[in-house]
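Pasting in a structure now, in structure tokens, and then I'll have a few things to ask.
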Amino acid sequence: MSDFNDGIPAWHEFLIPVLQVLSDGKTYVRRDLENAALDVKNIDPELRTIALRTGGFKAAGRVGWALSALKRAGALSKPARGLYVVTDEGRALLRDFPQGLSEKDLMKLPAWDAYVPVQGKRSESSIDFESKLEGQDPTELIELGLAKINADVAGELLGKLREGHPEFFERAVVRLLVAMGYGGSERRVHHLGQSNDGGVDGVIDQDALGLNRVFIQAKRYSESNTVQRPELQKFVGALADKGATQGVFVTTSTFSDGAIEYVERIPNRVVLIDGSRLTDLMIQYKVGVQIKNSYELVELDEDFFE
């Protein structure tokens, strides 16, 4: 088991080594990239074998955090699963920060906050994590760590949804609603498809006879393509055509203030789910993600000693 002073550099100290390895323009498999970055930092073989209780090696894990941060900042890209290549932004960072790079430096890049869209507040994933460590008790540190991990996973989720086919996104939204319990035990949530959607992408039958229906619209947009009021008006019009009064509009981007104000004034019940809330729900209901590790927190059982 490792301790906090085992000599392995902090994860942000691997940011520049990773970029240095990728600067040759080649595409790297993750394990080869991890080992090459550890070589750049001259990490002893003994340190590379220090394992975490939950599995995996500590040094490789820290390189992995550097990879995630660089991906979020747009400094590297993944042309395929498990493969990494440097981008023009990554080359620029290597040129501008030859002595070292920090998470604060990455957070200043436009791509950082664009990774997960934010509706009305700064993203939880933009936490200056290191500055929040001081003064926290162990339980709070665990919660901070989980928040950071979930934020990074949320960003990866959103990237996958944006890169996929629109129909895949529609089906993913339907699966999420089923996981959330909509449609009852019979899972009466249906994907309609583009050819005959009539302005909607899915429908939820809240009762067995379909007397109470909720319609779904799913828009796979880039982070810069904000959903505007006219798109909500079209959706509400589609609801009217179907004699419906309830709808859910889901997007991978955000909603404009005008769109939000519009749905707050209309008599129809329309729920808006932006990219940030969408990924939170997917993580909460385990859609598109899986549990990697489970941890148990123990405390003294006072009853045992009475």
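The values are calculated or read from the model by the stated rules, or taken from the named source; none is laboratory data. These figures come from a predicted structure and were not determined experimentally. The protein model used for the area step is the full one, side chains on, heavy atoms only, and it has no ligands, DNA or RNA in it. Shrake-Rupley method; radii C 1.70, N 1.55, O 1.52, S 1.80 Å.
Choose one answer from Leu94, Leu146, Leu106: the residue with the largest mean-square fluctuation in a GNM of the chain with alpha-carbon springs under 10 Å.
Leu146
So, one more: Taking every pair of alpha-carbon atoms in segment 153-306, give the share separated by more than 28 Å as a whole percent. Kindly include the intermediate steps, with their values, before the conclusion.
On the way: 3060 of 11781 pairs.
Above the 28 Å cut-off, segment 153-306 has 26 percent of its Cα pairs.
Could you work out what % of the accessible surface of segment 1-64 is carbon and sulfur, using a 1.4 angstrom probe and leaving DNA, RNA and ligands out of the count? Could the numbers behind the result be given before it?
Working: 1820 of 3630 Å².
Exposed carbon and sulfur together represent 50 percent of the surface.
Next question, about the same structure. Taking a temperature of 25 °C and a viscosity of 0.890 mPa s, what whole-number D in µm²/s does Stokes-Einstein yield for the chain with Rh from Kirkwood over alpha carbon pairs? Provide the component values of the computation, followed by the final result.
Working: Rh = 22.0 Å.
Answer from the Stokes-Einstein relation: 112 µm²/s.
When the convex hull of the Cα atoms of segment 1-90 is projected onto a plane and the area is averaged over all directions, what value comes out in nm²?
Values: hull surface 22.7 nm².
That works out to 5.7 nm².
Please give the length that would be gained between Asp32 and Tyr285 if that part of the chain were fully extended, namely 0.36 nm times their separation in residues minus their C-alpha to C-alpha distance (nm, one decimal).
Details: separation 253, 0.36 × 253 = 91.08 nm, distance 3.37 nm.
Result: 87.7 nm gained on full extension.
At a 1.4 Å probe radius, carbon and sulfur cover how many percent of the accessible area of segment 191-306?
On the way: 3230 of 7060 Å².
Solvent-exposed carbon and sulfur of segment 191-306 make up 46 percent of the total.
Could you check which residue among Glu34, Glu296, Glu261 shows the biggest mean-square fluctuation in a GNM of the chain with a 10 Å Cα cutoff?
Glu296
With respect to the cross-link table entries Lys160/Lys219; Lys26/Lys292; Lys71/Lys286, which display a Cα-Cα separation exceeding 20 Å?
Numbers: Lys160/Lys219 14 Å; Lys26/Lys292 30 Å; Lys71/Lys286 23 Å.
From Lys160/Lys219; Lys26/Lys292; Lys71/Lys286, over 20 Å: Lys26/Lys292; Lys71/Lys286.
Starting from the Cα-Cα distance between Tyr295 and Ala80, subtract it from 0.36 nm times their residue separation and give me the gain in nm to one decimal. Spell out each step's value before the answer.
On the way: separation 215, 0.36 × 215 = 77.40 nm, distance 3.12 nm.
Taking Tyr295 through Ala80 to full extension adds about 74.3 nm, to one decimal.
What accessible area per residue comes out for the chain, rounded to a whole number of Å², with a 1.4 Å probe?
Working: 17640 Å² over 306 residues.
Dividing the accessible area of the chain by its residue count gives 58 Å².
What full-extension length gain, to one decimal in nm, is calculated for Arg95 and Ser256 as 0.36 nm per residue of separation minus the Cα-Cα distance?
54.2 nm
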